[in-house]
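Report on one structure; see the data block that follows.
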Amino acid sequence: MNTQQLPHRYIVVEGPIGVGKTHLVKRLAESFSGTTLLEEPEHNPFLEKFYLHPKQSALPTQLSFLMQRVKLSTAVQQDDLFNDLQIADFMVEKDRLFAQITLDDDELALYNMVYDNLTMQHRNPDLVIYLQAPLSVLKTRVSQRGIGYEQRIEDAYLQRLVDSYADFFHYYDAAPLLIVNAEQIDLTNSEQDYQNLLEQIRTLQSGRQYYNPLAVKEK
């Protein structure tokens, strides 16, 4: 497909661990010849330690992710000169959600000073797609993808993350927002599910929109 079929030039797909962000980003990039900006958690040297010893490793883990996310988001501003379609599986603001969950007060104060200095030139997306799913679905998907250290994620931590995302996007108004119930979406095996979602992405120009595929199927 031609990139002109999408009215957006910088799209972010967000949501909690296991919801399907990266898969959707890759499908969109393939459909519209876009460039992907993908997180690389496997390159964070502290992440596995964090899942083993969360308290001791939380700050270096979070700062490492922050540096990576800021570096990737800077590429958006540079590549914008060429008007390429950019699709990311993260937004820099989400880094703070994890920090607020994992860091104690003193660590969070230090983190916030670093965050504020690194994100002064941050560019807002043209569209944010927020994928939602309940804890049971996220646990199943995390288990299915079989990444070793992710199998140590505690239910309480994952639920706090789900709640933090919901609260953040309840107030988010920096860009057009498509909120998707991803519980019933199978973007791996169902072309129809993907095409239905594409239609929602194409039509959203401003404000916020809710998409519940299950409600559509039941009509």
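Each value in this text was obtained by applying a stated rule to the coordinates, not by laboratory testing. Keep in mind that what you see is a predicted model, and the values were worked out from it rather than measured. Quick reminder, even Gly has a Cβ in these numbers, built from the backbone with ideal geometry, and neighbours come from all protein chains shown.
Under a 5 Å amide H to amide H cut-off, with H placed in plane at 1.01 Å, what residues pair with E39 once short-range neighbours are removed?
D89
If you project the alpha carbons of the chain onto the principal axes, what extent comes out on each, in Å, largest first?
Answer, in whole Å and largest first: 48, 41, 30 Å.
Give me a comma-separated list of calculated 3J(HN,Hα) values for segment 99-113, in order, Karplus coefficients 6.51, -1.76, 1.60 applied at θ = phi - 60°, integers in Hz, x for any Gly or Pro.
Computed from phi, the couplings for segment 99-113 are 4, 5, 7, 9, 9, 7, 4, 5, 5, 5, 4, 5, 4, 5, 5 Hz.
Rounded to the nearest 10 degrees, what's the angle between the helix 135-145 long axis and the longest principal axis of the chain, both from Cα atoms, 0 to 90?
90
Go through segment 92-148 and name the trypsin sites (Lys or Arg not before Pro) that are in a DSSP coil and have 15 or fewer other Cβ atoms within 10 Å of their Cβ. Don't skip to the end; give the middle numbers.
Details: sites: K94, R96, R123, K139, R141, R145; in loops: R123.
Of the trypsin sites (Lys or Arg not before Pro), the ones in loops of segment 92-148 whose Cβ has at most 15 other Cβ atoms within 10 Å are R123.
By its C-alpha gyration tensor, with a ≥ b ≥ c as the square roots of the eigenvalues, how is segment 142-189 shaped: rounded for a/c under 1.5, else prolate for a/b larger than b/c, else oblate? Walk me through the numbers on the way to the answer.
Details: a/c = 2.81, a/b = 1.39, b/c = 2.02.
Since a/c reaches 1.5 but b/c is at least a/b, the shape of segment 142-189 is classed as oblate.
For segment 17-29, what does the Karplus curve 6.51 cos²θ - 1.76 cosθ + 1.60, with θ = phi - 60°, yield as ³J(HN,Hα) per residue in whole Hz, taken in order and with x for Gly and Pro?
After applying 6.51 cos²θ - 1.76 cosθ + 1.60, I find 4, x, 7, x, 4, 5, 4, 5, 4, 5, 5, 5, 5 Hz.
To make sure I understand the rule: partners must be aspartates and glutamates, Cα under 15 Å from the Cα of K49, and not fewer than 8 residues away in the same chain. Which ones qualify?
Qualifying aspartates and glutamates at Cα under 15 Å: E150, E154.
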